[in-house]
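I have placed the structure first, in the form of structure tokens, so that the comments after it can refer back to it.
The values are calculated or read from the model by the stated rules, or taken from the named source; none is laboratory data. All values derive from a computational prediction rather than experimental measurement. Every residue, glycine among them, receives a Cβ derived from its backbone with ideal geometry; neighbour counts consider all protein chains shown. Remember, those area values only see protein heavy atoms, side chains included, never the ligands or the DNA or RNA. Shrake-Rupley method; radii C 1.70, N 1.55, O 1.52, S 1.80 Å.
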Protein chains: 2
Amino acid sequence: MRGLQPWARYGFLVVAHLLALGLGAVVLQALEGPPAHRLQAELRAELATFQAEYGACLPPGALEELLGAALAAQAHGVSSWGNNSEARNWDLPSALLFTASILTTTGYGHMAPLTAGGKAFCMVYAALGLPASLVLVATLRRCLLPMFSRLGAWVVVPWQLAPARAALLQAAGLGLLVAGTFVLLPALVLWGLQDNCSLLEAIYFCFSSLSTIGLGDLLPSHGSSLHPVIYHLGQLALLGYLLLGLLAMLLAMETFSELPQVRAMVKFFGSSDPLTAEDQDGILGQDELALGTLPPTAPASEQAPAC
Amino acid sequence: MRGLQPWARYGFLVVAHLLALGLGAVVLQALEGPPAHRLQAELRAELATFQAEYGACLPPGALEELLGAALAAQAHGVSSWGNNSEARNWDLPSALLFTASILTTTGYGHMAPLTAGGKAFCMVYAALGLPASLVLVATLRRCLLPMFSRLGAWVVVPWQLAPARAALLQAAGLGLLVAGTFVLLPALVLWGLQDNCSLLEAIYFCFSSLSTIGLGDLLPSHGSSLHPVIYHLGQLALLGYLLLGLLAMLLAMETFSELPQVRAMVKFFGSSDPLTAEDQDGILGQDELALGTLPPTAPASEQAPAC
């Protein structure tokens, strides 16, 4: 592979990713296509049966109109009915959860702005809030990562491991800690509290929230039988979970991306120039900008970390 | 502020963010609460009217059961009806779009796995695919960012600006380029193609996709009147948009976070130690891990960029 041009290596990586994308699509198609098609057929049969039995009473299209209105409203998180007539969509805990899902880029979609003003505000809020969150995370990272490093070093130093192995072990440990504390534990709690939710579904929800994918297909429902206070506490707990979980995830990602093994992989697929200082930074220093078109030169005093 | 303990400064930043979260929630509550409540009331009235007019024909609960089934299916992206009876949920373009929304962590949620196997596969796929995507982006970054830096430098060098101002100008330029190419232009195209979509909604959709928030409340619908081939091309275009857009966003974020002004802000809120080398890297080098609990020392040869 080393003999290949850099562009060929980039191309290989990109093509490999596109193939992985296609593979995932094909597998999901095989897993999900038939069940979805069956569900759709069931629904249509149910609708047809309903029409056949009671269609005589109903004016043509009345049922479709009603269903259409209900479905359109649900797409924005407005439920058509509920035993709890006081259930308000945008009560403060729900609104807080929504803004947190915006700022963490999770974006469940179980609630979404209806008005043009709301949509515009969401955009401005995200455009300002996301960079601000990045600054916050960068700041907290400077405080927390050294702590983790020292903790990890304190654990592995007695074993006299090479720096690279120690880093890998520490990253693996951090990964397991994050997975345990932020996926498994909350999933177990959720599984215990929600009666109609399997452990897999609870883990799936936690994973989806933590990775900020936020599919939003599983969320504690408005019409649940939980006491309103408990429900609101649950929403606030989810809010805290999103924020803390994202911070933990970003710290873990940072640790992962700084691993010598990962750097080596990135360097391998990247440029073929023998880079030293750029291995550390990954980006040209700002002082080189002023020098215009001069090629980047690596300071002789820096050494790349041993892989 | 400089006189405050580091912890006080962290605390200030965190509290400021929580206040911003609350502020966003309150504003959205004011903007969206009444319209959502009104829509809910309208729907309930419609349902009540329907029941009153035709309730005599229908057995009690039959309508609620039908509506409930339809709404539950829609939560997983299965539509109850459609003129296009060949509309398959998990056809290849849709499945590709779904896997892309997973890998970019956008997670629209307009489609979601129904089966336990599908859910488990999504988690494994994301757990493996997201780190791989990070490696890909890091690799492409090494190739693309120097190109942008040289381009930007070529533009600003004639103006003889200080490095910090040049960096700010370059970052602003990159931001505008990304916003123009990846938000405004696609939004205009979408606005032109979709007849029931305002320009604001198109911009809102592009912004939501690009930032990976992915609320999923606005998506080209299955039941649209577009020719199937055009619809599938649109899905593939959206797929490409998600992938390229995310790459552009991450590059822009990287440029933003490397700005001297941002570093100064992070340094200001961060530790009070006079850091020099850490300003460049933001993280302890791996070689310091092996040295265990020794405090980080900055190599004397490196200089922090002038702010």
Odd one out for B:Thr99 among (1) modelled with pLDDT under 85; (2) under 30 Å from A:Leu176 (Cα atoms) | (1)
Just for the stretch B:145-166: of the residues that are in contact (Cβ under 8 Å) with a residue 60 or more places away in the chain, assigned to a helix (DSSP H, G or I) and more than 21 Å from B:Gly240 (Cα to Cα), which one is nearest to the chain's Cα centre (by Cα)?
-> B:Phe148
Go through the stretch B:183-202 and give me each residue that's within 13 Å of chain A (Cβ to nearest Cβ) and at pLDDT 85 or above.
-> B:Val183, B:Leu184, B:Ala187, B:Ser198, B:Leu199, B:Leu200, B:Glu201, B:Ala202
How do the pairs read when you match residues in the stretch A:40-68 that are more than 7 Å from chain B (Cβ to nearest Cβ) with residues anywhere that are small (Gly, Ala, Ser) and surrounded by 13 or more Cβ atoms within 10 Å (Cβ to Cβ), using Cβ under 9 Å and keeping only pairs 6 or more apart or on different chains?
-> A:Glu42/B:Ala69; A:Glu42/B:Ala73; A:Glu53/B:Ala62; A:Leu63/A:Gly55
Taking B:Thr181, is it surrounded by fewer than 16 Cβ atoms within 10 Å (Cβ to Cβ) and farther than 30 Å from A:Leu176 by Cβ?
-> yes
If you check B:Gln29, B:Gln74, B:Gln40, which single one turns out to be modelled with pLDDT under 80 and not in a loop (DSSP other than H, G, I, E, B)?
-> B:Gln74
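Results for (1) of a type in the set (A, V, I, L, M, F, W, C); (2) modelled with pLDDT of 80 or more; (3) over 23 Å from A:Tyr108 (Cα atoms); (4) in contact with a helix residue (DSSP H, G or I) (Cβ under 9 Å, 6 or more places away or on another chain), shown as yes or no for each residue.
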position	(1), (2), (3), (4)
A:Gly223	no, no, no, no
A:Leu239	yes, yes, no, yes
A:Ala248	yes, yes, no, yes
A:Met253	yes, no, no, yes
A:Pro260	no, no, yes, yes
Complete set of residues in the stretch B:1-21 that are at the interface with chain A (Cβ under 9 Å from one of its Cβ atoms) and open to solvent by 20 Å² or more (accessible area, probe 1.4 Å) | B:Pro6, B:Trp7, B:Val14, B:Ala16, B:His17, B:Leu18, B:Ala20
Kindly indicate which of B:Leu169, B:Leu134 is aliphatic (A, V, I, L, M), over 30 Å from B:Val78 (Cβ atoms) and under 20 Å from the mean Cα position of the chain (by Cα).
-> B:Leu134
Can A:Leu218 be described as assigned to a loop (DSSP other than H, G, I, E, B), surrounded by 20 or more Cβ atoms within 10 Å (Cβ to Cβ) and at pLDDT below 80?
-> yes
Considering each residue of the stretch A:82-95, count those that are surrounded by 15 or more Cβ atoms within 10 Å (Cβ to Cβ), modelled with pLDDT under 70 and more than 13 Å from B:Leu39 (Cβ to Cβ), and give that number.
-> 1
Unmet requirement for B:Gln170, which otherwise passes all of (1) part of a helix (DSSP H, G or I); (2) open to solvent by less than 40 Å² (accessible area, probe 1.4 Å); (3) under 30 Å from A:Gly118 (Cα atoms) = (3)
Reported set for the stretch B:204-219 where residues are among the aliphatic types (A, V, I, L, M) and more than 7 Å from every other protein chain (Cβ to nearest Cβ) is B:Leu210, B:Leu218, B:Leu219
Report the residue count in the stretch A:59-70 for those that are more than 12 Å from B:Leu66 (Cβ to Cβ) and either hydrophobic (A, V, I, L, M, F, W, C) or loosely packed, with under 14 Cβ neighbours inside 10 Å (or both).
-> 6
Filtered residue count, the stretch A:185-198, keeping only those that are surrounded by fewer than 17 Cβ atoms within 10 Å (Cβ to Cβ) and in a helix (DSSP H, G or I) = 5
Tell me which residues, restricted to the stretch B:104-163, are of a type in the set (A, V, I, L, M), within 7 Å of chain A (Cβ to nearest Cβ) and more than 24 Å from A:Gln261 (Cβ to Cβ).
-> B:Ala112, B:Leu114, B:Ala116, B:Ala120, B:Ala153, B:Val157
Failed condition for A:Phe182, given (1) under 19 Å from B:Ile213 (Cβ atoms); (2) in contact with a Leu (Cβ under 9 Å, 6 or more places away or on another chain), with all others met?
-> (1)
Answer with yes or no whether B:Tyr125 is under 18 Å from the mean Cα position of the chain (by Cα), farther than 28 Å from B:Gly173 by Cα and aromatic (Phe, Trp, Tyr).
-> no
